[in-house]
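To start, the structure itself, in structure tokens.
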2 protein chains.
Amino acid sequence: MSRLEETIARIAPLDEKAMADARRRQDDLTKPQGSLGRLEELSARVAGIQRNPRPRIVNKAIITMAGDHGVACDGVSAFPADVTPQMVYNFLRGGAGINVLARHVGARVVVVDMGVAVDLEPHPGLVIRKVAKGTANISRGPAMSREQAIQAIEAGIEVIEAEISKGLDIVGTGDMGIGNTTPSSAIVASVTGEQVSMVTGRGTGLDDVQMKNKIKLIDKALAVNRPDPHDGLDVLAKVGGFEIGGLAGVVLGAAANRIPVVVDGFISGAAALVAFLLCPTAREYMIAAHRSVEIGHQAAMRKMGIVPLMDLNMRLGEGTGAALGISIVEASVKILNEMATFSDAGVSEAQGKEAHSIGGARV
Amino acid sequence: MSRLEETIARIAPLDEKAMADARRRQDDLTKPQGSLGRLEELSARVAGIQRNPRPRIVNKAIITMAGDHGVACDGVSAFPADVTPQMVYNFLRGGAGINVLARHVGARVVVVDMGVAVDLEPHPGLVIRKVAKGTANISRGPAMSREQAIQAIEAGIEVIEAEISKGLDIVGTGDMGIGNTTPSSAIVASVTGEQVSMVTGRGTGLDDVQMKNKIKLIDKALAVNRPDPHDGLDVLAKVGGFEIGGLAGVVLGAAANRIPVVVDGFISGAAALVAFLLCPTAREYMIAAHRSVEIGHQAAMRKMGIVPLMDLNMRLGEGTGAALGISIVEASVKILNEMATFSDAGVSEAQGKEAHSIGGARV
């Protein structure tokens, strides 16, 4: 069995008993039942993921993967391709958006070169898992071979497993790659069957003419490559990217090791969709942080039946949304663990629900 | 001039220059312009509030105000009224939802008795500003006198000014008061002109029969009291509550002292609406944390033209949504202050926007 097959085979449904126990405690906390809304759902889900009715979130990481895209030379981005390595160095120096937000929520950032087009200088904070120096141009043929697709996903699995060995209770995904909304739209169009124009956005800021060109190129990529929408590896190989494959591996590796994975925005969502095709159960481990401005994100989430936590009109990627999402999930777990119950606190319960007051409890 | 008049007189528009400077820096940070969406708007707003293009958020507080309501004896809540003092003690012991979430975001909780129906035991963490032992029943007459309404608001101003003297960069509002969705719906119906049934929700969990009764009582409160929808003091006195008045004072005091105020859910929203009636400019200082499940909240926000940051299906109050909102605002300010600019980081800018790359910048 390959590493990928072995990982998928380990992905099991959530632990229903831990979830039921968590919900029972939740209902006994000093608040009207259900009044913390999605926070209550989230902590129960984390309980099911961790197989623990009192789950813990201490060690947090964002895994931000970078890769380049052959199609970038066709004018699908407002930024030149050399911004990919420049931003990797920015991540390593701590000056990017993801660094700021990861610090804010107490998560470490793991920066991975999955396929940047140039050789990057070694750095203690940089994990090099380069599959190749950028993908081929998807508007003319496949992005990569099937073997490379497997290699990218398995690299993602190995990266998260290395982080798990250092201590990890929750992970967020992040991406960097000039041009990578183009393969992401191609993946989402292919898998959901939506028209390309309905799942393609302006990326880092295209004008109308550039948008038309982008849509035309994606249509061409799908016509030339004909990815099989039921085969995650085929979709990834034909119209994907190395960082997208790596992130699909992070999702699968998280699910196999019972770690909640907070999925960032559009590119991470496309990666999650690849993981979902390879193993639908992996969806249970995913928490979508926010609704991206990129319209294709909604189609990807709909396909998986996932409702994002926030809508802050963001479209940066890097894991910035995931970082904020991790903080919300952590808050939900703290609620479950740290709030007093009605009997602890001497608070009367709702009338008609075995109302009782433990009188006399005071500060 | 009364303390209230003097406070309102000090509320000035935001500092446009600080906002413009903040936006200019925002556009120079290493990300596509506008790609952090609402985070970018938020930090610019805080810059305008603090009159500082590089605003700071270090000292954070949630002010949670408690009060009782005469109308609670008419079955408008699923919980008995003695839960108000019980929950105050729970706050003081640190076991409530607001304590957990405030700790999560590093905010202190200031607990204020604005009008709990019983005498509370003294506690170093409890601020006692009791206007009276609960309001009168609004379905039969005014909740309080106009003098008491002023007293409640001025107490709120004094509470926040005491906190400012200890160090405060951002404040969140929170409420506790069995039955207090009823006066909040009455306030919102009165001020917005919406039908009572369109702004009334199930509070802590009413069944259909109880809901009908609640709507009937609010209709009666409006018919009996006829609050003047243009006079915030009249609305508060006729159909409000002491904690609602206190929170209106917190909002006005925050605005007068140029402190951003993160407004929690429905009850806090009703208080913000009273503050808005008294001084429309105060709106510029308000950030709505989340959309409450209570439907009247949306009408209040619409009236003020404010779009909440999150929708997490919450309806607990206490300041729980405000705490999460504070963390988002703090994140936005850190982005503005801590991210590298294009020239700092040696990253190429978007093509067509004075594109230039500072080559050679490395880790």
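The values are calculated or read from the model by the stated rules, or taken from the named source; none is laboratory data. This is a predicted model, so every value here is computed, not measured. Note: ideal-geometry Cβ built from the backbone for every residue, glycine included; neighbour counts use all protein chains shown. Each accessible area value is taken on the protein alone, full model and side chains, heavy atoms only, with ligands, DNA and RNA left out. Shrake-Rupley method; radii C 1.70, N 1.55, O 1.52, S 1.80 Å.
Suppose R0 equals 60 Å. What FRET efficiency, 1/(1 + (r/R0)^6) with r the Cβ-Cβ distance, do A:Arg10 and B:Lys166 give to the nearest 0.05?
In this case the efficiency is close to 0.70.
Mind jotting down a quarter of the surface of the convex hull over the alpha carbons of the protein assembly as shown, in square nanometres, one decimal?
For the protein assembly as shown, averaging the hull's shadow over all directions gives 29.8 nm².
So, in nm, how far is label A:Arg54 from label A:Val307 when the simple model puts each one 7 Å beyond its Cα toward the Cβ?
3.0
Taking θ = phi - 60°, what integer Hz values does the Karplus form 6.51 cos²θ - 1.76 cosθ + 1.60 yield along region A:275-285, in sequence order, with x for Gly and Pro?
So the J values, rounded to whole Hz, are 4, 5, 5, 6, 7, x, 5, 4, 3, 4, 9.
In nm, one decimal, shortest first: how far is the label point of B:Ser2 (7 Å from Cα along Cα to beta carbon) from the matching points in the other copies?
Taking the point 7 Å beyond Cα along Cα→Cβ, the inter-copy spacings are 7.6 nm.
Which one, B:Ala189, B:Ile328, B:Cys73, projects farthest toward the positive side of the charge dipole computed for region B:61-328 from Cβ point charges (K/R +1, D/E -1)?
B:Ala189
Report the extension gain between A:Arg108 and A:Cys73 in nm, rounded to one decimal, defined as 0.36 nm multiplied by the number of residues separating them, less their alpha carbon distance.
Between A:Arg108 and A:Cys73, full extension yields an extra 9.3 nm.
Sequence-distant or interchain residues sharing an amide H contact under 5 Å with B:Lys60, placed H: which?
Long-range HN contacts for B:Lys60: B:Arg108, B:Asp169.
Taking only Cα atoms and a 10 Å spring cutoff, compute GNM fluctuations for chain B and point out the largest among B:Ala66, B:Ala282, B:Ala78.
B:Ala78
So what are the radius of gyration and Dmax for the Cα set of region A:199-334, in Å?
Both quantities, over Cα of region A:199-334: 15.1, 50 Å.
Out of the DSSP beta bridges found with both residues in the protein assembly as shown, what percent are antiparallel (nearest 5)?
5
Between the label point of B:Ala136 and that of the same position in each other copy, find the distances and list them shortest first in nm, with every label point placed 7 Å from Cα along the Cα-to-C-beta direction.
Inter-copy label distances (nm, one decimal, shortest first): 8.4.
How much net charge surrounds B:Val76 when only other residues with a Cβ under 11 Å from its Cβ are counted (Lys, Arg +1; Asp, Glu -1)?
Around B:Val76, the charge tally is +2.
If you put +1 on each Lys and Arg Cβ and -1 on each Asp and Glu Cβ, how big is the dipole of region B:1-122 around its Cα centre, in Debye rounded to 20?
So the dipole magnitude of region B:1-122 works out to roughly 900 debye.
In the neighborhood of B:Ala256, defined by Cβ-to-Cβ distances under 13 Å, what is the net charge if each Lys or Arg adds +1 and each Asp or Glu adds -1?
-3
Return the whole-Å distance between the Cα centroid of region B:53-96 and the Cα centroid of region B:31-50.
The distance from the Cα centre of region B:53-96 to that of region B:31-50 comes to 31 Å.
Over the protein assembly as shown, what percent of the accessible surface lies on carbon and sulfur atoms, probe 1.4 Å?
50
Quick one: among A:Ile170, A:Ile57, A:Ile244, which has the greatest mean-square fluctuation in a GNM of chain A with alpha-carbon springs under 10 angstrom?
Among A:Ile170, A:Ile57, A:Ile244, the largest mean-square fluctuation in the Gaussian network model of chain A belongs to A:Ile57.
Find the centroid of the Cα atoms in region A:121-165 and in region A:224-280, then give the distance between the two in whole Å.
Here the answer is 12 Å between Cα centres.
Against the globular-protein guess of 2.2 N^0.38 Å, express the Cα radius of gyration of chain B as a ratio, rounded to two decimals.
1.03
Using only atoms on other chains, find how many Cβ atoms lie within 10 Å of each Cβ of peptide B:306-312 and report the average.
Across the residues of B:306-312, the mean count of other-chain Cβ atoms within 10 Å is 4.
How high is the FRET efficiency from B:Lys212 to A:Ala136, r the C-beta distance, R0 41 Å, rounded to 0.05?
0.05
Calculate one ³J(HN,Hα) per residue across region A:21-28 by plugging θ = phi - 60° into the Karplus curve 6.51 cos²θ - 1.76 cosθ + 1.60, and present them in order as whole Hz with x for glycine and proline.
So the J values, rounded to whole Hz, are 5, 5, 5, 5, 4, 3, 6, 9.
Would you list which lysines come within 26 Å of A:Lys238, measuring only between C-alpha atoms, while excluding same-chain residues fewer than 8 positions from it?
Within the straight-line cut-off, A:Lys238 pairs with A:Lys130, A:Lys133, A:Lys212, A:Lys214, A:Lys216, A:Lys220, A:Lys303.
Could you pull the copy-to-copy label distances for B:Gly75, with points set 7 Å along Cα to Cβ, in nm to one decimal and sorted shortest first?
Ordered by distance, the counterparts are at 7.2 nm.
Short version: ³J(HN,Hα) in whole Hz for each residue of region B:222-231, in order, from phi by Karplus 6.51 cos²θ - 1.76 cosθ + 1.60 (θ = phi - 60°), x for Gly and Pro, what are they?
6, 5, 5, 9, 6, x, 7, x, 9, 10
Give, rounded to the nearest 20 debye, the magnitude of the charge dipole that the protein assembly as shown has about its Cα centre when Lys and Arg contribute +1 at Cβ and Asp and Glu contribute -1 at Cβ.
The dipole of the protein assembly as shown has a size of about 80 debye.
Can you compute the modelled spin-label distance between B:Thr281 and B:Arg146, with each label point 7 Å from Cα toward Cβ, in nm?
Here the answer is 2.4 nm between the modelled labels.
With +1 assigned to the C-beta of every Lys and Arg and -1 to the C-beta of every Asp and Glu, and no other charges, what is the dipole magnitude of region B:61-328 about the Cα centre in debye, to the nearest 20?
That gives a dipole near 320 debye.
Averaged across A:83-91, how many Cβ atoms of other chains sit within 10 Å of each residue's Cβ atom?
Counting other chains' Cβ atoms within 10 Å and averaging over A:83-91 gives 5.
Mind listing the long-range amide H neighbours of A:Gly319? Cut-off is under 5 Å, sequence gap 5 or more, other chains count too, H placed in the peptide plane at 1.01 Å from N.
A:Asp175, A:Gly265
Of B:Ala143, B:Val131, B:Ile160, which is farthest along the charge dipole of region B:130-171 in the positive direction, counting Lys and Arg as +1 and Asp and Glu as -1 at C-beta?
Final value for the positive-end residue is B:Ala143.
Over chain A, what is the relative contact order in percent, taking alpha-carbon pairs closer than 8 angstrom and at least six residues apart?
After rounding, I find 23 percent.
With a Förster radius of 22 Å, plug the Cβ-Cβ distance of A:Ile128 and A:Ser2 into 1/(1 + (r/R0)^6) and report the FRET value to the nearest 0.05.
My answer for the efficiency is 0.50.
Work out, step by step, the length gained on full extension between B:Val118 and B:Asp344: first 0.36 nm times the residue separation, then minus their alpha carbon distance; give nm to one decimal.
75.4 nm
Tell me the net charge near A:Ser197. Cut-off is 15 Å between Cβ atoms, A:Ser197 excluded, with +1 for each Lys or Arg and -1 for each Asp or Glu.
Neighbour charge sum, excluding A:Ser197 itself: +1.
In whole percent, what relative contact order does region B:3-128 give with Cα contacts below 8 Å and a gap of six or more residues?
Once normalised by length, the contact order is 23 percent.
Counting only heavy atoms of protein chains, what accessible area per residue, in Å², does chain B have with a probe of 1.4 Å?
33
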